[in-house]
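K.L.:
Sharing a structure here in structure tokens format.
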Amino acid sequence: MTTTSADNDARTQPDAQAQRDAAAAHIRFAEAEAAKIPDIPASLPLRPIGNVAVIGAGTMGGGIAMALANIGIPVTLIDSGQEALDGGLRRVRDNYAGSVSRGRLEQAEMERRIALIRGSVDMAHARHADLVIEAVFEDLALKQQIFHQLDTIARPGAILATNTSGLDVDAIAAVTQRPQDVVGAHFFSPAHVMRLLEVVRARQTAPDVVATLMDLGRRMGKISVLARIYPGFIGNALFRNYTREAHFLLEEGALPHQVDQALTRFGYAMGIFAVHDMAGNDVGYQTRKAQMATRPDDRRWNDLIMKLTEMGRLGQKSGAGWYRYETGNRTPLRDPAVEDFIVRESARLGIARQSISEEEIIKRCLYGMINEGARLLEQGIALRPSDIDIVYVTGYGFPARHGGPMYYADRIGLAKVYADIKLFHEQHGFWWQPAPLLERLARDNGRFADLQVRT
């Protein structure tokens, strides 16, 4: 197996298997710790969840409904249009049928679970739910409209959860007369498969609401991790840094396959550009386009993925994205057309392309995440460094053998990480401003693990 220099730097023991064993032990520890919230006693009574309404019958809403039905909870899947609702229910049935065909589910069990999910185009059918989970598009105004409506419909004491992946839950709670009942419940797609649930505690969220959502995640077989309000919460906050640097690397001289190769050698199952193509390069296009008019001009931005979308290179679904794809085959293949486009973009931006080492690719992609993680810890967005690690190993494909970004940073040594981040700040500016917590720990020869909060 080929390793990078950054990987070698991280090896504080000669035995690679011992490192893997230590990382695995850390992940088990992180899973157990994530369930503990310092100001919420384990004995706190939970709110009963006997039935749930899910608003939005898209891929996410349907997956959430399946995750609930899988543990025997009746669900009403609600959408504003009959066609969308029918499509969502059909997708649910197809997903279950696929499990039956692969021998992972008995036909009788499939029918039992499907019988627990009913559809409706009437929001009033959320009236008797103990928990309502909104799972519509990432549009703050739309979510506020739904929560304002739910405030008049849902029974007193019902939990109102938003599946937002990064919007301000306080702003959503503010349109209700019951902010204590509002919480973020960020599921990951496909929700009936992915094991991570970010429970987002708003300013006025009641402790028993937090405890109930954390426990519901556990019942669904997920790892529940608590986060406070921050753009992107824990997971997407770090992911922004990962993707941004990968795109900057393309402008500076790397090609998609070189970045992806470095990341897969590090241990990722897929590189970032292959992931983009799988998810669809048009995901988030409208949001990014809307943000362009108000972006600060004191920092660097990258719009390569928007231009690919405008070129019709949406990824696997269009047969071309960062790579090209042959009919019926999802293997990413290098495409001279997109590589020529990247080179032309560098020239247009006045950036002289140069060879970029695998070591720099890994450091640029990972160290920005570590720096952002330090900010989240400093601001109390994440309770503990191991929470960040388990979010990344469970929900974002961070290689388990490295134990998560914060654990990985401790293995390298924070003084080394800080020195590189400081150098990147000098070279690349705004996005690499070192987090004060990282600077302090590096100066004092400290570790993120020293910050671990226990109850």
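K.L.:
Select from the stretch 110-138 the residues that are part of a helix (DSSP H, G or I) and of a type in the set (D, E, K, R) and write down the one among them that is nearest to Ala161 (Cα to Cα).
P.N.:
It comes out as Arg113.
K.L.:
Which residue out of Leu167, Leu160, Leu197, Leu150 is part of a loop (DSSP other than H, G, I, E, B) and at negative phi?
P.N.:
Details: Leu160 fails: part of a loop (DSSP other than H, G, I, E, B); Leu197 fails: part of a loop (DSSP other than H, G, I, E, B); Leu150 fails: part of a loop (DSSP other than H, G, I, E, B).
Within the list Leu167, Leu160, Leu197, Leu150, the selection yields Leu167.
K.L.:
Taking the stretch 200-223 only, how many residues are in a strand (DSSP E or B) and touching a residue at least 60 places away in the same chain (Cβ under 8 Å)? Working first, answer last.
P.N.:
Filtering the stretch 200-223 for residues in a strand (DSSP E or B) gives 200-201, 223.
If we keep only those that are touching a residue at least 60 places away in the same chain (Cβ under 8 Å) as well, we get 223.
Total satisfying the criteria: 1.
K.L.:
So Arg330 clears everything in (1) on the phi > 0 side of the Ramachandran plot; (2) modelled with pLDDT under 95; (3) not aliphatic (A, V, I, L, M) except one condition, right? Which one?
P.N.:
(1)
K.L.:
Here's a follow-up. In the stretch 371-389, what residues are over 19 Å from Ile223 (Cβ atoms), in contact with a Pro (Cβ under 7 Å, 6 or more places away or on another chain) and surrounded by 24 or more Cβ atoms within 10 Å (Cβ to Cβ)?
P.N.:
Looking only at the stretch 371-389, we keep the residues that are over 19 Å from Ile223 (Cβ atoms), and these are 371-372, 374-375, 378-380.
Adding the requirement that they be in contact with a Pro (Cβ under 7 Å, 6 or more places away or on another chain) leaves 371, 378.
The one that is over 19 Å from Ile223 (Cβ atoms), in contact with a Pro (Cβ under 7 Å, 6 or more places away or on another chain) and surrounded by 24 or more Cβ atoms within 10 Å (Cβ to Cβ): Asn371.
K.L.:
Which of the following residues is closer than 29 Å to Pro332 by Cβ and surrounded by fewer than 20 Cβ atoms within 10 Å (Cβ to Cβ): Arg240, Arg218? Walk me through it before giving the result.
P.N.:
Values: Arg218 fails: closer than 29 Å to Pro332 by Cβ.
Result of the check over Arg240, Arg218: Arg240.
K.L.:
To continue, here is another question. Take Val199 and decide whether it is of a type outside the set (Gly, Ala, Ser) and crowded, with 18+ Cβ neighbours inside 10 Å. Working first, answer last.
P.N.:
Values: of a type outside the set (Gly, Ala, Ser): yes; crowded, with 18+ Cβ neighbours inside 10 Å: yes.
So Val199 passes the test.
K.L.:
Which of the residues that make up the stretch 375-430 are in contact with a strand residue (DSSP E or B) (Cβ under 7 Å, 6 or more places away or on another chain) and more than 16 Å from Asp450 (Cα to Cα)? Spell out the reasoning first.
P.N.:
Initial filter on the stretch 375-430 (in contact with a strand residue (DSSP E or B) (Cβ under 7 Å, 6 or more places away or on another chain)): 376, 380-383, 387-388, 390-391, 394-395.
Listed by number, the residues that qualify are Ile381, Ile390, Val391, Thr394, Gly395.
K.L.:
Listed residues Pro190, Pro179; which is farther than 18 Å from Gln204 by Cα and either surrounded by 15 or more Cβ atoms within 10 Å (Cβ to Cβ) or small (Gly, Ala, Ser) (or both)?
P.N.:
Pro190
The values are calculated or read from the model by the stated rules, or taken from the named source; none is laboratory data. Keep in mind that what you see is a predicted model, and the values were worked out from it rather than measured. Reconstructed Cβ throughout: ideal geometry from the backbone, glycine too, with neighbour counts over all protein chains shown.
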